[in-house]
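The values are calculated or read from the model by the stated rules, or taken from the named source; none is laboratory data. Because the structure is predicted, anything quoted here is derived from the model rather than measured. Note that each Cβ is placed from the backbone with ideal geometry, even for glycine, and that neighbours are counted across all protein chains shown. Heads up: the accessible areas ignore ligands, DNA and RNA and are worked out on the full protein's heavy atoms, side chains in. Shrake-Rupley method; radii C 1.70, N 1.55, O 1.52, S 1.80 Å.
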Amino acid sequence: DKSVSILHRKIVQQRKALKLASVNLTLKFGIILILVQTIVLTSVGYVYIEKFAAQIDKRIEDHTHIPGELINAGLLNINAMTDHDKMEKLVGSHLLDGMVVGANKVIFSSINQQDIGQSIDSLDRFDKFSLTELTRQTTRNTKELITITPIFASDQKTPRFFVYVSASTEDADFEKHQLTLLFFWGSFATLIFTSAVIFVFFKYNILHRL
């Protein structure tokens, strides 16, 4: 009887040790899986957030170039730049400023009527731009995106005018913020769900049998 009791205790101890080892293995496996998921979701999320953020910026930039492209195609008169409502329909509600500048640096048309006839040398908006560039120019700061589109003469080589358009980036930044939040909560929900699945699986398929 004594030997049977000892054997029984050994079996019980072995079962406890096996169960404890299984629990430890389950925890380690779960932690590793969650870490791997976190790394993968973060990496994939970063790539996609950057991709969609770039698309949002490009959308705004393309809209700011629309007036210049229409003027270049002969579909819009330079005086249309004085019509704020029309420019807002072309560029969007984020339009801040717009003007048409001659190659001689004189402002021929502008949303702000007081700027017409002035030289851009008296303004600080063109510090980062060159009126000798033959390609579209773009710059961005924390609050706005600014583009300049050259308007060519009939030879399509000599720039006669430059269309300056400024647009607010607040809506775009908000959209990016919402996108980041969506990814964060989506990833968090995924981690919670998969962790619960792992816990239930191990509890009823492995630990329950020990």
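Answer with yes or no whether Gly74 is over 29 Å from the mean Cα position of the chain (by Cα) and open to solvent by 50 Å² or more (accessible area, probe 1.4 Å). The answer is yes for Gly74. Right, Leu131: of a type in the set (A, V, I, L, M, F, W, C) and either more than 29 Å from the chain's Cα centre (by Cα) or surrounded by 15 or more Cβ atoms within 10 Å (Cβ to Cβ) (or both) or not? So Leu131 passes the test.
Residues being of a type outside the set (D, E, K, R), loosely packed, with under 15 Cβ neighbours inside 10 Å and at pLDDT 85 or above are entirely absent from segment 9-18. Restricting attention to segment 133-157, the residues that are assigned to a loop (DSSP other than H, G, I, E, B) and touching a residue at least 40 places away in the same chain (Cβ under 8 Å) total 1. In the set (1) closer than 30 Å to Thr82 by Cα; (2) open to solvent by less than 60 Å² (accessible area, probe 1.4 Å), the condition left unmet by Phe174 is number (2). Scanning segment 140-155 for residues that are under 35 Å from the mean Cα position of the chain (by Cα), of a type in the set (S, T, N, Q) and within 19 Å of Asn77 (Cβ to Cβ) yields one hit, Thr149.
Pairing residues of segment 167-185 that are of a type in the set (Phe, Trp, Tyr) and part of a helix (DSSP H, G or I) with residues that are modelled with pLDDT under 85 and surrounded by 14 or more Cβ atoms within 10 Å (Cβ to Cβ), at Cβ distances under 7 Å and at least 6 apart in sequence or on separate chains, gives Phe183/Gly45.
Checking Ile56 against (1) touching an Asp or Glu at 6+ places or on another chain (Cβ under 6 Å); (2) at pLDDT below 85; (3) aliphatic (A, V, I, L, M), only one condition comes out false. Which one? Of everything listed in (1) touching an Asp or Glu at 6+ places or on another chain (Cβ under 6 Å); (2) at pLDDT below 85; (3) aliphatic (A, V, I, L, M), Ile56 misses just condition (2).
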